[in-house]
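Trainee: First the structure, then my questions, so here it is.
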Amino acid sequence: MPSITSVTLEVADPTAAEKFYATAFGLGTELRFRASDAPTAGFRGFTLSLTVPQPSTVDGFVDAALGAGATPVKPVTKSFWGYGGVVRAPDGALWKIATSAKKDKGPDTRQIDRFVLLLGAEDVLASKRFYVGHGLTVGKSFGRKYVEFETSSSPVTLALYGRRALAKDAGVAPDGTGSHRLALDSDSGPFTDPDGFEWEKTSG
C-alpha cells in the first residue's frame, strides 16, 4: 500500500516557513518546504488539519499560530461535532485545528492525534477511482462527498472532499487559480491526480 512520507509546501521563504511551523505546531519531517514563486491566487484547493485531543489543545495551537504570524480565517467555536477553528499561515496554507471532544480532560499537552491533508476534488468519485487505481485503499467513504484513505502506516492521513464543500468548511471562497504550491512525497510517485495535485517519489 502506498505510504505518504511527507507533504511539501512551496513557499517564498523556506527558512521563515520552518521557523513559523516549528513555533506554531512543532511538526517534524512530515512537513517539508521548498522555495517557489509559482503564481497562485485564491483557494489553493486543499487544507491541512490537525486533529487534537481536547479544546484546550485547539486553543493552544491556534494561539501559537496567531502569535507566530498566522491570520484568523474561521474563529474557534463550538459546534455539534466538536470544537475548532481555521487559520492561514504566512505562506498562505489553510490550517484547521479541531477536536471532537467537548470538554478538557486535563492540561494542554500540545499532542497531535492526526495530521490530515484534505484535497478538494471537483469529482470526488472520479478522484477516488484514480487513487484506488494507484494502490490506495479506502478507509471511509460517504458517497460523492468525502473519502478517507487507509494510511495507518503513514504520518499523513489523506482524504478527499468536494472542492466547494472544503472551501466552505475552511471559511473561504472556492475560487482559485494557479499552482497548488503543494506536493505529496510518497513511495508510489510520481504522478498527478485529476485535480492537478502532484505526487513525487520520496528521495532516498
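FYI, it's all coordinate maths here, none of it is from the lab. Nothing here was measured: the structure is a model prediction, and the numbers come from that model. Every residue, glycine as well, gets a Cβ built from its backbone with ideal geometry; the counts of neighbours run over all protein chains shown.
Trainee: So how far, in whole Å, is the C-alpha centre of the stretch 123-185 from the one of the stretch 1-57?
Mentor: 16 Å
Trainee: Still on this structure, please answer the following. Multiply the residue gap between residue 164 and residue 73 by 0.36 nm, knock off their C-alpha separation, and tell me the result in nm, one decimal place.
Mentor: Working it through step by step, the gained length comes to 31.1 nm.
Trainee: Residue 141: net charge of surrounding residues, Cβ under 15 Å, Lys/Arg +1, Asp/Glu -1, itself excluded?
Mentor: +2
Trainee: In addition: Got a sec? Which residues in the stretch 80-117 would a label at residue 22 touch, if it sits 7 Å along Cα→Cβ and we count backbone N under 18 Å?
Mentor: Taking a point 7 Å out along Cα→Cβ of residue 22, the residues of the stretch 80-117 whose backbone N falls under 18 Å are 90-91.
Trainee: Anything over 22 Å Cα to Cα? Flag those among 78/140; 102/128; 145/168; 74/103, in the order listed.
Mentor: Beyond 22 Å between Cα atoms: 78/140; 102/128.
Trainee: Roughly what % antiparallel, to the nearest 5, for the DSSP beta bridges in the stretch 4-201?
Mentor: About 65 percent, rounded to the nearest 5.
Trainee: Quick one: which residues, 5+ away or cross-chain, put their amide H under 5 Å from the amide H of residue 139? H built at 1.01 Å from N.
Mentor: Those qualifying (amide H under 5 Å, at least 5 residues apart or on another chain) are 148, 149, 150.
Trainee: If you don't mind, another one. Test of understanding: given the chain, find the longest segment containing no GluC sites (Glu not before Pro) that are in a DSSP loop and have at most 14 other Cβ atoms within 10 Å.
Mentor: 1-121
Trainee: Could you run the Karplus curve 6.51 cos²θ - 1.76 cosθ + 1.60 with θ = phi - 60° over the stretch 114-131 and give me ³J(HN,Hα) per residue in whole Hz, x for Gly and Pro?
Mentor: Working through the residues one at a time gives 8, 10, 10, 9, 9, 9, x, 10, 5, 9, 4, 5, 5, 5, 4, 4, 4, 5 Hz.
Trainee: Taking the Cα centre of the stretch 4-201 as origin, sum charge times position over the Cβ atoms of Lys and Arg (+1) and Asp and Glu (-1), and report the length of that vector in debye to the nearest 20.
Mentor: It works out to roughly 720 debye.
Trainee: Quickly work out the residue 187-to-residue 111 label distance, labels modelled 7 Å from Cα along the C-beta direction, and quote it in nm with one decimal.
Mentor: 2.8 nm
Trainee: Rounded, prolate or oblate: which one fits the chain, using the alpha carbon gyration tensor with axes a ≥ b ≥ c (rounded when a/c is under 1.5, else prolate when a/b beats b/c, else oblate)?
Mentor: rounded
Trainee: Still on this structure, I have one more. Would you please classify the overall shape of the stretch 1-110 from the alpha carbon gyration tensor, given that a ≥ b ≥ c denote the square roots of the eigenvalues, rounded means a/c under 1.5, and beyond that prolate means a/b larger than b/c while oblate covers the rest?
Mentor: Prolate.
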